[in-house]
Amino acid sequence: MKITTVGIDLAKNVFQVHGIDERGKAVLRRQLRRAQVAVFFANMPPCVIGMEACASAHFWARTLQGFGHTVRLIAAQFVKPYVKTNKNDVADAEAICEAVTRANMRFVPIKSIEQQAILSVHRVRQGFVKARTAQANQIRGLLGEFGLVIPQGIYNVAKRVPELLEDASNELPVQFRHLIERLTAHLKEQDRQVKEFEQEIITWHHGSELSRKLEKIPGIGPLAASALVASIADAHSFDNGRQVSAWLGLVPRQSSSGGKPTLLGISKRGDTYMRTLLIHGARSAIVAATKKVDNTQGWLTDLLKRRHPNIAAVALANKNVRTVWAILAHGREFKADYVPTLMAT
């Protein structure tokens, strides 16, 4: 009995394992506790192991690779069609084992420890940004109940609130003034945390050669460059730049049938945080392009003449992602005047 393929249903404590031989016959069905997983697979001959790309998947992938196994991570939505019965751990492990054997299955690149670490900083920073925005809106809303309206923007909150608290003519109760002071101090602390995380990301960016390459692309800064390098992991896992754009949700959704293509708005699949960074960066590049027109941004200027700036921002973000893939996959440097060479047919 030689096990060639194994599917693992990951969990916090109890793992379900399903294995098949070269003929596709199930020869292994076993439940393992967390402490047993490493020992079990360390004693197993090398084989192909499939897992869903969920919590702790990259950790287990690196661990099992160290034992000589070939590990492949699959997005959960691609495993679901192979579940034959009601959902349970046994059925999920069998479905993963079957999905990993498909020749046309798409796999998730395995991230290194360094990539996971910098992405964690990105996620925590984004959490503080959301909390900071919520805190500013709460302060604005509370003051609005007393007839004091502050313009939108965190900058206006930090600037106008001290003036309102010092103004005795607005008749704010003392207790309410102390409350707003505490909320404002909390807002400043959140802003300080965001800036510290940004500095950590920029420091990592300066130490990464690939990240510095991507920063040269108009519309991509240190935040987007570092997040792209850490998220894409291995550019060779994508066949072309359009696959990366589709992975990030920067291509149109399709509802085609009967040979008639129907394209809708952008799909918004994939990583929302990454897509936000790219589109905001594209908006900055558009502002710069409108102030200074050159040959490298001529296509963007022409696009802005006939389409809305929001559409142009998504188009530029899409173009930048394809450029990123070419740089990472082929080891190139960004050239603003690069002209692609057509292959001879």
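At a glance:
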{"read-out": "Cβ pairs under 8 Å, 6+ apart, first in the range 66-82 and assigned by TED's automatic domain parsing to the domain that holds A53 and within 12 Å of F107 (Cα to Cα), second buried (at least 19 other Cβ atoms within 10 Å of the Cβ) and aromatic (F, W, Y)", "value": "V71/W60"}
{"read-out": "Tally, over the range 10-57, of residues that are farther than 20 Å from V79 by Cα and assigned to a strand (DSSP E or B)", "value": "3"}
{"read-out": "Helices (runs of 4 or more DSSP H) within the range 261-330 that include 3 or more residues in contact (Cβ under 8 Å) with a residue 12 or more places away in the chain and closer than 30 Å to D234 by Cβ", "value": "272-291, 309-330"}
{"read-out": "Which numbered condition I220 fails, given (1) out of contact with any helix residue (DSSP H, G or I) (no Cβ under 9 Å at 6 or more places or on another chain); (2) surrounded by 12 or more Cβ atoms within 10 Å (Cβ to Cβ); (3) of a type in the set (V, I, T)", "value": "(1)"}
{"read-out": "Lone unmet requirement of (1) within 17 Å of L183 (Cα to Cα); (2) touching a Leu at 6+ places or on another chain (Cβ under 9 Å) for Y155", "value": "(2)"}
{"read-out": "Residue within the range 105-116 that is more than 30 Å from S208 (Cα to Cα) and either outside the structural domain of D9 (by TED's automatic domain parsing) or at pLDDT 90 or above (or both) present", "value": "yes"}
{"read-out": "Flag for L10 being closer than 27 Å to D239 by Cβ, crowded, with 19+ Cβ neighbours inside 10 Å and not assigned by TED's automatic domain parsing to the domain that holds W247", "value": "no"}
{"read-out": "Hits in the range 144-180 (condition: surrounded by 13 or more Cβ atoms within 10 Å (Cβ to Cβ), in a helix (DSSP H, G or I) and within 36 Å of the chain's Cα centre (by Cα))", "value": "I154, N156, V157, A158, R160, V161, I180"}
{"read-out": "Residues satisfying the stated conditions in the range 58-72, i.e. in a helix (DSSP H, G or I) and surrounded by 19 or more Cβ atoms within 10 Å (Cβ to Cβ)", "value": "H58, W60, A61, L64"}
{"read-out": "Test: residue in the range 299-310 that is within 25 Å of the chain's Cα centre (by Cα), outside the structural domain of H122 (by TED's automatic domain parsing) and farther than 20 Å from S231 by Cα", "value": "yes"}
{"read-out": "Among the residues listed as G270, G265, G281, the single one being surrounded by 15 or more Cβ atoms within 10 Å (Cβ to Cβ), at pLDDT below 85 and either of a type in the set (A, V, I, L, M) or closer than 30 Å to Q77 by Cβ (or both)", "value": "G270"}
{"read-out": "Residue that is surrounded by the most Cβ atoms within 10 Å (Cβ to Cβ) [pool: residues in the range 285-335 that are at pLDDT below 90 and among the polar types (S, T, N, Q)]", "value": "Q297"}
{"read-out": "Filter pass, K130 being assigned by TED's automatic domain parsing to the domain that holds H186, within 28 Å of M274 (Cβ to Cβ) and either at pLDDT below 90 or of a type in the set (D, E, K, R) (or both)", "value": "yes"}
{"read-out": "Out of R140, R125, sole residue that is at pLDDT 95 or above, in a helix (DSSP H, G or I) and either of a type in the set (K, R) or buried (at least 19 other Cβ atoms within 10 Å of the Cβ) (or both)", "value": "R125"}
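A quick yes/no check of all residues on (1) modelled with pLDDT of 95 or more; (2) β-branched (V, I, T); (3) over 29 Å from the mean Cα position of the chain (by Cα); (4) surrounded by 17 or more Cβ atoms within 10 Å (Cβ to Cβ):
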residue: T4; (1), (2), (3), (4): no, yes, yes, no
residue: A26; (1), (2), (3), (4): no, no, yes, no
residue: I49; (1), (2), (3), (4): yes, yes, no, yes
residue: A53; (1), (2), (3), (4): no, no, no, yes
residue: K80; (1), (2), (3), (4): no, no, no, no
residue: N86; (1), (2), (3), (4): no, no, yes, no
residue: D89; (1), (2), (3), (4): no, no, no, no
residue: R102; (1), (2), (3), (4): no, no, no, no
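The values are calculated or read from the model by the stated rules, or taken from the named source; none is laboratory data. Everything numeric here is computed off the predicted structure, so don't read it as measured data. Heads up, the Cβs are rebuilt from the backbone with ideal geometry, glycines too, and the neighbour counts pull from every protein chain shown.
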